[in-house]
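Below is one structure, written out as structure tokens, with a few remarks after it.
The values are calculated or read from the model by the stated rules, or taken from the named source; none is laboratory data. The structure displayed is predicted, hence computed values, not measured ones. Note: ideal-geometry Cβ built from the backbone for every residue, glycine included; neighbour counts use all protein chains shown.
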Amino acid sequence: TKHVGRNGYHFFQPSMNTLAQAHLQLMNDLWLALDRHEFRLLYQPKFHAPAGPILGFEALLRWEHPQQGLLSPDLFLPLAEKTGLIVPLGNWVINEACRQLREWHLQGHTEWSMAVNLSTLQFEQPALVRTVLDCLARHQLPPESLILEVTETTAMSNPDESVRVLTELTNAGVKASIDDFGTGYSSLLYLKRLPACELKIDRAFVKELSGESEDATIVSAIVALAKTLNLKVVAEGVETTAQQAFLTQLGCNTLQGYLLGKPVTPQAVDALCSQAVPP
Ligand code: C2E
Ligand code: CA
Ligand code: CA
Ligand code: CA
């Protein structure tokens, strides 16, 4: 047993102590996880509205913790962002997603794109553009097949710099998507300057969608705005056939959600395709 100093120890409730310990343990495990190859990517399909074909996939990170099982990004991404681990981890995500896409392209699905989420800290790395372009070259992928998803909030954290970085990337052919749209505070003028190809309507607006809801008005407005700016509209979190029909009618180009396809392992994607497309 460890010796605990007389000061300090008794000020904590045992439960608090356990919680703090669990937090420290997780932080420690997180740094080792990359070297131990414990991170996985799941792939969620994006469909041409209303029901296909599949246009591509979004890579979604998971941590296969040796004791705690498969962990969602909400449980470790904030910690990874705070400690800076998100930079090497994010680089791993970009590379692994590109490697997987190349495999699918070689299997004949050359029309598929891959979307990768970028965190704020990752987006602010001076080496980001170089990293992305090197990765595309390494895997012999056309730049147009990669979509970088940046949240409206990330883009707004340093608006001028975001325009500069996204311009550099889109000039090279890479696509950009404004994620969680509607939750941030970007202005129309700013949106017009951002060289993105699509807006992703946040799940929150899709959730309560029905003919009479206020969210229907918001979604219509976002679609109209996107059309004006020449952007595609992706709706995420589509769970019901009613939402699917309504979003399609409102003019959303792309749908994503549990109704059409959950995030799955690459093996599950392969299994689906070997059924659908005979060799
Ligand atoms: P996001 O980019 O907005 O991704 C959508 C989230 O909604 C995913 O959660 C996805 O699994 C979930 N989702 C998809 N369809 C549905 C649906 O129909 N209903 C519901 N209720 N949920 C649905 P996930 O995988 O837990 O990821 C959460 C967030 O973590 C992501 O939100 C993204 O911001 C972040 N994230 C995930 N992977 C990465 C990554 O590789 N790098 C970075 N920087 N962030 C990531
Ligand atoms: Ca996303
Ligand atoms: Ca989103
Ligand atoms: Ca989100």
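Results for (1) closer than 30 Å to ALA127 by Cβ; (2) within 16 Å of ligand 3 (Cβ to nearest atom); (3) at pLDDT below 90; (4) in contact with a helix residue (DSSP H, G or I) (Cβ under 8 Å, 6 or more places away or on another chain), shown as yes or no for each residue.
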position: LYS192; (1), (2), (3), (4): yes, no, yes, no
position: ASP202; (1), (2), (3), (4): yes, yes, no, no
position: GLY211; (1), (2), (3), (4): no, no, yes, yes
position: ALA235; (1), (2), (3), (4): no, yes, no, yes
position: THR248; (1), (2), (3), (4): no, no, no, no
Starting from residues that are aliphatic (A, V, I, L, M) and more than 16 Å from ligand 2 (Cβ to nearest atom), keep the ones in the range 136-155 and report whichever is surrounded by the fewest Cβ atoms within 10 Å (Cβ to Cβ).
-> ALA137
Residue check for LEU141: hydrophobic (A, V, I, L, M, F, W, C), outside any helix (DSSP H, G or I) and more than 15 Å from ligand 1 (Cβ to nearest atom) | yes
Considering the range 197-217 alone, what residues qualify as being closer than 10 Å to ASP179 by Cβ and away from ligand 4 (no atom under 12 Å from the Cβ)?
-> GLU198, LEU199
Being more than 21 Å from GLY52 (Cβ to Cβ), hydroxyl-bearing (Ser, Thr, Tyr) and more than 15 Å from ligand 1 (Cβ to nearest atom) narrows it down to one of THR217, THR183, THR248, so name that one.
-> THR217
Looking at the range 187-228, what helices (runs of 4 or more DSSP H) fall wholly within it and have at least 3 residues that are free of Cβ contacts under 8 Å to residues at least 12 places away in the same chain?
-> 214-228
Which of the residues that make up the range 42-55 are of a type outside the set (Phe, Trp, Tyr) and either under 13 Å from the mean Cα position of the chain (by Cα) or within 12 Å of ligand 1 (Cβ to nearest atom) (or both)?
-> LEU42, GLN44, PRO45, LYS46
Can we say ALA176 is within 16 Å of ligand 1 (Cβ to nearest atom) and part of a strand (DSSP E or B)?
-> yes
